[in-house]
Amino acid sequence: MGRVRESADRMQAIRSLLPPALRSSVQAGPLEEGCWCLLVSSNAVAAKVRQMLPALQAQLNSQGLGVNAIRLKVQNRGASPCHRPKKKALTSEGAGLE
């Protein structure tokens, strides 16, 4: 239970640095061996948070909650499997060949 609390404390420490629109898209993940994981809702959120990592680590260090690394993991909740469009057979008519 200690790790969960430590992770939640870190999330609280950086929450104010996250843009308001992203706050609901970032959740505290596991803390293992000095590496903290943030769970993000999409690749776009991950890209933005990745740009903010130095500031997030500095904030954690200033509050005595430093970690060696912050890892991001994209959580695709309720995502359906990718469906590739069916390829149509290429015929001589479709290719404009006669």
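Quick notes
- Residue in the range 33-45 that is surrounded by fewer than 18 Cβ atoms within 10 Å (Cβ to Cβ), farther than 15 Å from residue 75 by Cβ, of a type in the set (D, E, K, R) and within 13 Å of the chain's Cα centre (by Cα) present: no
- The range 61-77, residues that are in contact with a helix residue (DSSP H, G or I) (Cβ under 6 Å, 6 or more places away or on another chain) and part of a helix (DSSP H, G or I): none
- The residue pairs whose first member lies in the range 20-46 and is over 16 Å from residue 8 (Cβ atoms), whose second member is of a type in the set (Lys, Arg), and whose beta carbons are closer than 6 Å, counting only pairs six or more residues apart or on different chains, are 35/71.
Read the figures in this text as sums done on the coordinates, not as results from a lab. Source: prediction; values computed, not measured. Using ideal geometry, Cβ is built from the backbone for each residue, glycine included, and neighbour counts are taken over all protein chains shown.
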